[in-house]
Amino acid sequence: MEILRDALGDAVDIALDFHGRFSTAAARRILPLLEPLLPLFVEEPVLPEFARDMRRITDATSIPIATGERLYSRWDFRDVLPTGIAVAQPDASHAGGISEVRRIAAMAEAYDVVMAPHCPLGPITLAASLQIDLATPNFLNSRRGSSRRTRCGRRAGRDPAPARGHRCSRRLVTAFSSRSAIREVILRCCAKSFIRCLRMTRERRRSAEFLRLVLANFRRRGE
């Protein structure tokens, strides 16, 4: 983390994903050591089974804590939001779709918690997740990424793609930092590039039509 901060300077945000690797005791000891390096947030310091006890961790550090990619409904988030987390990360594919994630976002807003929806599962989930982002006042960024091989024959994240269109949609971006960035991605990525990836899905016709509707919606609104 020190090497990254020295190389990138203070102008770039760095977020850490522990993916539940630490115990509560270990997280309480390690997180204060990271505070001088100013991470944007630390994601899932403990497993989701211990998320309702997150208050012990949030009280031990000033670093914003993110969690939620493995929580599956507003009822799961009901126990977590009062613990002092800073970022909620529901996944539309896991947490009940667009409607349920919007309900979770509304609950999070009442606790002054921002949203960073989790989305590593492909272009259709990405399209749905971007719609959620644009409709969410407490949106922070949209987290996505995948280690699975794509048709490009490369692993996502190993060779980052620019924000403009690319044949392999999983490599478009790893995080969207604002609504304007989301609009930029959607408007600049030609539909044909997405549809090439959609051909990998079983219901490619329905998926392609859904994406066309998303793109048409943005163009009608002039954004």
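The values are calculated or read from the model by the stated rules, or taken from the named source; none is laboratory data. Remember, predicted model here, so these are calculated numbers, not experimental data. Note that each Cβ is placed from the backbone with ideal geometry, even for glycine, and that neighbours are counted across all protein chains shown. Only protein heavy atoms, including side chains, enter the accessible area calculation; ligands, DNA and RNA are left aside. Shrake-Rupley method; radii C 1.70, N 1.55, O 1.52, S 1.80 Å.
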Rounded Å value of the spacing that divides the Cα centres of the range 90-148 and the range 20-63: 22 Å
For the range 32-91, build the convex hull from the C-alpha positions and give me its volume per residue in Å³. 69 Å³
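Hey, with R₀ at 25 Å, roughly what FRET efficiency would I30 and D79 work out to, going by the Cβ-Cβ distance, to 0.05?
Numbers: r = 24 Å, r/R0 = 0.96.
The value I calculate is 0.55.
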Can you pull the one-decimal nm distance between simple spin-label points at R56 and D10, each 7 Å off the Cα toward Cβ? 3.5 nm
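Which value, in Å², gives the accessible area per residue of the range 1-116 when a 1.4 Å probe is used on the protein heavy atoms? Spell out each step's value before the answer.
Working: 5970 Å² over 116 residues.
Spelled out: the 1.4 Å probe surface of the range 1-116, per residue, equals 51 Å².
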